[in-house]
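A quick write-up on the structure given underneath.
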Amino acid sequence: MGEFGSFGKLLILMGGLLVLIGLLMLIAGKVPWIGRLPGDIYVRRGNFTFYFPVVTCIIVSILLTIVFSLFSRR
């Protein structure tokens, strides 16, 4: 295959992954409950705003764990 064959495949895979992440970010803005769940931390004081979606991160982590465990079984 050549010296750079495996590196080329890795770059194509990473590019496809970036495209999928970008599409998910576009779609996530249209889902009303993403990032606005009870338990997400939101602090606004004057011109300072701090936001950390704790519960949203936990739910996304659980869903990704389930998906990856389904695909990794052999």
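See the values below:
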| quantity | calculated |
| --- | --- |
| Test for Gly8: is it within 16 Å of the chain's Cα centre (by Cα) and surrounded by 10 or more Cβ atoms within 10 Å (Cβ to Cβ) | no |
| Filter result for Met1 (under 16 Å from the mean Cα position of the chain (by Cα), exposed (fewer than 10 other Cβ atoms within 10 Å of the Cβ) and at pLDDT below 85) | no |
| Subset of the stretch 25-39 (residues that are assigned to a helix (DSSP H, G or I) and surrounded by 10 or more Cβ atoms within 10 Å (Cβ to Cβ)) | Ile27, Ala28 |
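The values are calculated or read from the model by the stated rules, or taken from the named source; none is laboratory data. This structure is a prediction, so every number in the text was calculated from the model and none was measured. Note that each Cβ is placed from the backbone with ideal geometry, even for glycine, and that neighbours are counted across all protein chains shown.
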